[in-house]
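Note sheet for the following structure.
The values are calculated or read from the model by the stated rules, or taken from the named source; none is laboratory data. Owing to the predicted nature of the structure, the values given are computational and were not obtained by experimental measurement. Cβ: placed from backbone, ideal geometry, glycine included. Neighbour counts: every protein chain shown. Keep in mind that these areas ignore ligands, DNA and RNA; they rest on the heavy atoms of the full protein, side chains included. Shrake-Rupley method; radii C 1.70, N 1.55, O 1.52, S 1.80 Å.
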Amino acid sequence: DGLSTVNALLLSGVNTTQGKELDIIKLAFNYDKYANISVPIKKFFNQSTLISYCPYCNLEDVKVIPIDEQNNATGHHLDHFFSQKDFPLLSYSLFNLVPSGYTCNVLNKGQILFTDDLHMNPHLSGFGDNIRFVPIKTGLEVTGINIKFNCDPGSKKIKQLIGNLKDIDELHDKGNINVFKLKSKYSDHEHIDLANSIL
């Protein structure tokens, strides 16, 4: 908790007026450039059994199934919760790396700048009892799935879920439910069919 503050404090002592010092720091902590650092980190996450599903959506299978040293049958992306560009000192922090699915990391999050206040880090907390997926029924048939909140409006948790909005807006870049398009993902035909079969 407060990892981004540590990054800011360490960088506060650096003269970044001309940008050269910050460029050197970014180069030194370039996760993608230095395989001797990034490969062992990736290997740690690949060999650990921390998760089986993407912690952002809980839908995409991200369990690593290796074929050999070079290839995996299935795997995950390592999302930098706090971006490498804006938080260079956190590039190698295991706590800043979230093994996640391709859709959540690349297609949904992309270059969105995450913060402690407006996004939920899965290493710190999950949705828990703060949200419920509620079936929308027409007669005896489930036709959709809605998300209901069990947390106080204006609380830090609700901001991490939907940002500064009053309701879900999947075009918004604040709040994990919006960024990772959870309402749409859980309302697809597969999940509606599953809900109907359970019902």
Q) When you scan the range 135-149, how many residues do you find that are exposed (fewer than 13 other Cβ atoms within 10 Å of the Cβ) and in a strand (DSSP E or B)? A) 3
Q. Can you name every residue in the range 175-199 that is open to solvent by less than 30 Å² (accessible area, probe 1.4 Å), more than 13 Å from Cys104 (Cα to Cα) and of a type in the set (Val, Ile, Thr)?
A. Ile192
**Q.** When residues of the range 150-169 are limited to those that are among the hydrophobic types (A, V, I, L, M, F, W, C) and either over 15 Å from Lys109 (Cα atoms) or touching an Asp or Glu at 6+ places or on another chain (Cβ under 7 Å) (or both), the one surrounded by the fewest Cβ atoms within 10 Å (Cβ to Cβ)
**A.** Leu165
Q: Name every residue in the range 15-63 that is under 17 Å from Asn105 (Cα atoms), out of contact with any helix residue (DSSP H, G or I) (no Cβ under 9 Å at 6 or more places or on another chain) and not in a loop (DSSP other than H, G, I, E, B), in order of residue number.
A: Lys42, Asn46, Tyr53, Asp61
Q) Looking at (1) open to solvent by 40 Å² or more (accessible area, probe 1.4 Å); (2) closer than 21 Å to Tyr102 by Cβ, which is the only condition His172 fails? A) (2)
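Restricted to the range 111-134, and to residues that are touching a strand residue (DSSP E or B) at 6+ places or on another chain (Cβ under 8 Å) and under 17 Å from Leu165 (Cα atoms), which residue is least open to solvent (accessible area, probe 1.4 Å)? Give the steps one after another, and end with the answer.
Of the residues in the range 111-134, the ones touching a strand residue (DSSP E or B) at 6+ places or on another chain (Cβ under 8 Å) are 121-123, 130-134.
Now restrict to residues that are under 17 Å from Leu165 (Cα atoms): 130-131.
Values: Asn130: 35, Ile131: 14 Å².
The selected residue is Ile131.
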Q. Do we find a residue being in contact (Cβ under 8 Å) with a residue 12 or more places away in the chain, surrounded by fewer than 12 Cβ atoms within 10 Å (Cβ to Cβ) and under 30 Å from Leu161 (Cβ atoms) anywhere in the range 31-42?
A. no
